[in-house]
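Inspection log for the structure reproduced underneath, given as structure tokens.
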Amino acid sequence: MGTGVIATLLNLLPWPSIHSGLRWPALCFLLGDIVIFILFFCVFLSRYFMYPEILPLTIKHAQQSMFLGTLPMGLITIISGIAQLGTKEFELGIGFALAASGLWWAATVISLMTAIGVPFSMMTYQKHYFEGITAALLLPIVPPITAAATGSVLAEILMFRYPTYAFTIMVVSYLVLGIGLPLALLILVLYFQRLLLFKSPPRDVIISVFLPLGPCGQGGEACLHLGRVALELFPTISTPASSSGVPQLFSVGQALYGAGLISAMLLFGLGIWWLAIGVFTIIRELKRGKLGFNMGWWGLTFPFASLAICTARLAIELDSLTLKIVYTAFVIANVMLWLYVAIPTARGAWSGRLFNAPCLADLPLKQ
């Protein structure tokens, strides 16, 4: 998801004159993301087919189970890229958006499974202690928010050709947003209290301080983009002009857009606060010594990109040159961060140093 989201960032750059040149690099990032996702998804499935006893250990493990949420988020990132590049940038027809919407339904179901199943496992099977809490608790909760954000993209593309279908996607997006966003905000309160009482997380998971950017950015994008879709879609699907339902439905669209705009600005501000806390925390840790690289460093890319996407949406809706410049700076920074983590990841993957499964320590030895 940290790779595929680069394609989305390039597509949203608010400078139309460079879009024709950037769509090809965006396509390369998307295709690379698809290859990586298919490869690791096959490895993921083969692991549990070959060793089914590992699955309950993963679900019951206090840390490993959190990362089950990255599966639907990775798929949702690909879905967004297919819809935007295939239908909008390369203008290859509405079929790409329809195909992406089919995948979106599957990803939404998986998102709900992780958002319900993993917290249930946390409450019943896992052992947690307050000092050990990190922002990784957000990982199984954020997928419904990401699904809602991508649902707004699909609804916007489909609403002129298939307004009823787009309306269905929009309503479901609001529903899953209602599951993910409030839960994420509750976890942020819990995480904030943990930071107050026990200070920064351990150095090996210190990058997790940036994870709160994810729900803030994706939540803001979902609220604002769904509001825009409602504003344009409701008059289209309303009853004939002679009916009293038209002004009522139109007013609902205006209300949802206004609420979405306010919510996006509030979540954007909250995301900037968490970004500042994360930057100051990393600077403080760097003064104490060099930070060792691990796979958790990918927590730098997708959450930061999510905040950037919210910035882009606000820049579009408010027609703000300042926000457009800020978004461009965010995109450049995110590409640099991607390079910073992708290169050592490739080296570590080749040597095999980066991959481990802590949950296997609980597996009884076979005689």
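All conditions but one from (1) in contact (Cβ under 8 Å) with a residue 40 or more places away in the chain; (2) crowded, with 23+ Cβ neighbours inside 10 Å; (3) closer than 14 Å to Leu256 by Cα; (4) not aromatic (Phe, Trp, Tyr) apply to Gly227; the one that does not is (1). The set of residues in the range 114-164 that are hydroxyl-bearing (Ser, Thr, Tyr) and closer than 17 Å to Leu190 by Cα comprises Tyr129, Thr134.
When the residues of the range 74-93 are filtered to those that are out of contact with any helix residue (DSSP H, G or I) (no Cβ under 6 Å at 6 or more places or on another chain) and not in a helix (DSSP H, G or I), the one that is surrounded by the fewest Cβ atoms within 10 Å (Cβ to Cβ) is Glu91.
Is it the case that some residue within the range 199-211 is aliphatic (A, V, I, L, M), under 18 Å from the mean Cα position of the chain (by Cα), part of a helix (DSSP H, G or I) and at pLDDT below 95? Spell out how you get there, then give the answer.
Within the range 199-211, the subset aliphatic (A, V, I, L, M) is 205-207, 209, 211.
This time we only want the ones that are under 18 Å from the mean Cα position of the chain (by Cα), so: 207, 209, 211.
After this cut, where a residue has to be part of a helix (DSSP H, G or I) as well, the list is 207, 209.
Next, only the ones that are at pLDDT below 95 stay: 207, 209.
Scanning the range 199-211, I find at least one residue that is aliphatic (A, V, I, L, M), under 18 Å from the mean Cα position of the chain (by Cα), part of a helix (DSSP H, G or I) and at pLDDT below 95, so the answer is yes.
When Val171 is tested against (1) surrounded by fewer than 21 Cβ atoms within 10 Å (Cβ to Cβ); (2) in contact (Cβ under 8 Å) with a residue 12 or more places away in the chain, only condition (2) is not met.
The set of residues from the range 31-74 being over 19 Å from Met122 (Cα atoms), over 24 Å from the mean Cα position of the chain (by Cα) and aliphatic (A, V, I, L, M) comprises just one member, Met50. Here the range 331-351 is the region considered, the condition is being among the small types (Gly, Ala, Ser) and either closer than 30 Å to Ala315 by Cα or modelled with pLDDT under 65 (or both), and the residue that is surrounded by the most Cβ atoms within 10 Å (Cβ to Cβ) is Ala342. Scanning the range 312-341 for residues that are more than 17 Å from Gly220 (Cβ to Cβ) and aromatic (Phe, Trp, Tyr) yields Trp338, Tyr340.
The values are calculated or read from the model by the stated rules, or taken from the named source; none is laboratory data. Here the structure is a predicted model, which means the values were calculated and not measured. Note that each Cβ is placed from the backbone with ideal geometry, even for glycine, and that neighbours are counted across all protein chains shown.
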